[in-house]
Ligand SMILES: [Zn+2]
């Protein structure tokens, strides 16, 4: 049976048709057009799937990777930075439109599943995958299956509390991981400390990492302070996971995972905080890049 995977993102919808061994037959990317509302997004996805069904010369399975968490009771999308999806049951709506079964999972679970089966996590029984991008999320894969948990929140790493009286989070709590080590949170923190004009995370790393030992730059102490706080928060956030789950491997994804120092100093910061004197959990970069979403959807 061929597989169709759809990755629904805030700016683009990506679709892929693969054979049963996950080899790509066709791949297509279209804009999300959030401004035209939910029904327009639904229509775009439907048409993309119909194109793939027509192209496939055999039966297909269909999986969709969505931003935001899914409610266990209702199947509705609970929170998402694609606002018009909130409160919608995209799985049922697509099923009715296409008259075909649809599997659906959030992006962190799709990422973790794809990396476990096709990427950096192969041959590992217990994998913890994290996305550090615009938002922060996590997924737990046990023996090749997504672990959802009793309340369907297993792996919701982005909203566990790092600092009791810490930053306010949109979820209503304070001190969530996402408010410290998501891309926007890191940028905001640096720009609040900084003496220079606003910089993107990419610019901050590119500019100051290469000048780390040039102490004549007046803004360098601010960068070093920011970097140390980042490492401390990253270390604590993942040490908490290891203390409870003790995974075989941790795989990092999302834009923030491109920062090289997470894999040496970041890893050491995690190890320092774990409740064990022997610790060698691999903390590695993803292998599938932006493709984890579509392949994760195919694997559902
Ligand atoms: Zn939160």
Quick one: what pairs do we get from segment 151-174, first residue under 13 Å from residue 237 (Cβ atoms), second modelled with pLDDT under 90 and near the ligand (Cβ under 8 Å from one of its atoms), C-beta under 6 Å, 6+ apart or different chains? 159/171
Assuming residue 135 fulfils every condition listed in (1) more than 15 Å from the chain's Cα centre (by Cα); (2) surrounded by 15 or more Cβ atoms within 10 Å (Cβ to Cβ); (3) over 16 Å from residue 238 (Cβ atoms); (4) within 16 Å of the ligand (Cβ to nearest atom) apart from one, which condition is it? (1)
Residue 233, sole failed condition from (1) within 29 Å of residue 279 (Cβ to Cβ); (2) within 16 Å of the ligand (Cβ to nearest atom); (3) not in a helix (DSSP H, G or I): (3)
Taking the condition of being in contact (Cβ under 8 Å) with a residue 12 or more places away in the chain, in a helix (DSSP H, G or I) and more than 8 Å from the ligand (Cβ to nearest atom), how many residues in segment 175-193 meet it? 10
Of everything in segment 138-153, what is within 16 Å of the ligand (Cβ to nearest atom) and closer than 26 Å to residue 231 by Cα? Give them in sequence order. 138, 153
What is the residue count in segment 159-174 for residues that are part of a loop (DSSP other than H, G, I, E, B) and more than 8 Å from the ligand (Cβ to nearest atom)? 7
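Quick grid of which residues meet (1) within 21 Å of the chain's Cα centre (by Cα); (2) over 27 Å from residue 67 (Cα atoms):
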residue: 259; (1), (2): yes, no
residue: 273; (1), (2): no, yes
residue: 281; (1), (2): yes, yes
residue: 284; (1), (2): yes, no
residue: 290; (1), (2): yes, no
residue: 293; (1), (2): yes, no
residue: 299; (1), (2): yes, no
Just a yes or no: is a residue in segment 46-61 surrounded by 18 or more Cβ atoms within 10 Å (Cβ to Cβ), touching a helix residue (DSSP H, G or I) at 6+ places or on another chain (Cβ under 7 Å) and assigned to a helix (DSSP H, G or I)? yes
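The values are calculated or read from the model by the stated rules, or taken from the named source; none is laboratory data. Here the structure is a predicted model, which is why all the values come from computation and not from measurement. Reconstructed Cβ throughout: ideal geometry from the backbone, glycine too, with neighbour counts over all protein chains shown.
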